[in-house]
1. Please list, in chain and number order, the residues 5+ apart from residue 15 or on another chain whose amide H is under 5 Å from its amide H, with Hs placed from the backbone.
2. Which FRET efficiency value, to the nearest 0.05, do you get for residue 141 and residue 258 by plugging their Cβ-Cβ distance into 1/(1 + (r/R0)^6) with R0 = 45 Å?
3. Please report, as a whole percent, how much of the solvent-accessible surface of segment 87-172 comes from carbon and sulfur atoms (probe radius 1.4 Å).
4. From the phi of every residue in segment 35-41, what ³J(HN,Hα) in whole Hz does the Karplus formula 6.51 cos²θ - 1.76 cosθ + 1.60 yield, where θ is phi - 60° and glycine or proline is x?
5. Mind ranking 418, 93, 138 by accessible surface for me, highest first, 1.4 Å probe?
6. Can you compute 3J(HN,Hα) from phi for each residue in segment 455-466, using the Karplus curve 6.51 cos²θ - 1.76 cosθ + 1.60 with θ = phi - 60°, rounded to whole Hz and x for Gly and Pro?
7. Where the centroid of each part is defined by its Cα atoms, how far is segment 101-140 from segment 13-87 in Å?
8. Work out, step by step, the length gained on full extension between residue 115 and residue 455: first 0.36 nm times the residue separation, then minus their alpha carbon distance; give nm to one decimal.
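The values are calculated or read from the model by the stated rules, or taken from the named source; none is laboratory data. Keep in mind it's a predicted model, so treat the numbers as computed, not measured. Counting neighbours? That spans all protein chains shown, and the Cβs are built from the backbone with ideal geometry, glycine included. Accessible surface is based on the protein model in full, side chains and every heavy atom, while ligands, DNA and RNA are left aside. Shrake-Rupley method; radii C 1.70, N 1.55, O 1.52, S 1.80 Å.
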Amino acid sequence: MRCYKCGCDLSEKDFCTSCGADVGTYKQIIFLSNQYYNEGLERAQVRDLTGAKEKLRQCLKMNKTHTQARNLLGLVYFELGELVEALTEWVISTTYQPEKNIATDYIGTVQSSPAALDGINTTIHKYNLALNYCRQGSLDMARIQLKKVVNTNPRLLKARQLLALLYIKDEEWEKAKRELEPCRKIDIGNVLTNHYLREVNEMLKLGENHGTKKKENSNAVYIQSGNDIIIQPKQTKEPRGFGLLLNILVGLVIGLAIGWFLLAPLRMRFSERNVETELQTAREELASKSSDMEEMSREYAKLQEQYDETAAKLASYEEEGGDNADIKNLMLAQIEYDKGDSRDPIVIAGYLANIDETYVEQKATDEFKTMYDLMMSSVGGAVGEQYMKAGDDAFRISDYTSAIENYKKASQYDIESSDALFALADAYRLNGEKEMAIATYVLVKERFPESENAARAETFISELSE
């Protein structure tokens, strides 16, 4: 164990023999952290993944740099089918221990199969879609999506649990049990799985007992005689001969013939009523479609009017001169924005990127700034996500210059993303731009003080300052 202040090896004493720092409490914290790690390891070995996850989280609360606990927590998440959480823990682990860290092999193994990554991303999207269907009451659609998720990612425990819950709601106990048994094999300590499985087993047992009782009662007659119960088999009358059977058949044929002729007028009226109902439904659908076409025509005319008005403004601005390029780009962005649902955020972002920021800050009118801010807010999230992806791709191949450019644009477009700003600081740090890295880490702390990135930024600020 090393001193948290000077890094020297600690002795059995409660103070550091090198710098004199009080390390008594620090030793207790490290001891408790190691104890939580050992308990988490024991639970993981017997596949009590829920218990292991809780213990490992407690360990990391005590000592966030415990890379073995963080790597094991990533493996637990991986076993539960939650690959994003697993990768997060492994990436953080490599940040604290860049060299000789098995988390690097884990990340490389996962990233070596892009098809598997895409499949897992698709399953996460489908699981979220199934949750939305459940909230909306579309349980059949939710069940379809969850079946696809389970087929693609059989380890995703929460997807199997939700599918089992839908089966339980429909009283399909056998199907629910088939989903819950693999959940128990994956994680024997999951409380929700055990609760569902206990309820399903009770209902299946109750159904078996009920079926047996009915079967027994169907073959016997119970007679109460004082305090005694007499059980007698049911007596069934045997047919009396061919004549009785023939009479029954003749009566049945006559009854059907009479019914057919008596019900003929009723059948005709019923058929006519169905035809009238279908005609009325067709008329209503035709009227509804006509109304929709008129509404679409009015909306198109309105959009065309807005387009003509914006084009006229653009032409007038071009005639007046001045900062025509900036005004023209803003007008083109507004034309694309006015297209409504068919607008393309990337096209809008391209026009906005051509506008000089100095002009916006110093020369532009209030109306120009208002429109510019509206355009930026409309495309910020989508464009910021694309720049963030481009920055991640450059970061993975150690092209930190390109990563800095893309992360910078991502943080400009999506100002609410602490991940983009933190990634920009990391790129500065790894590119050797120490001062820019510190300034950006400080900005992360100031703009997102409650986020996890703020705590990580504080650690890097201390390391770079030293």
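1. The answer is 23.
2. 0.40
3. Numbers: 2550 of 4780 Å².
Carbon and sulfur: 53 percent of the exposed surface of segment 87-172.
4. Rounded to whole hertz, the list is 5, 4, 5, 4, 5, x, 5.
5. Working: 418 20, 93 0, 138 45 Å².
These residues rank, largest area first, as 138, 418, 93.
6. 3J(HN,Hα) across segment 455-466, in whole Hz: 5, 5, 4, 4, 5, 5, 5, 5, 5, 5, 5, 5.
7. About 26 Å separates the Cα centre of segment 101-140 from the one of segment 13-87.
8. 119.0 nm
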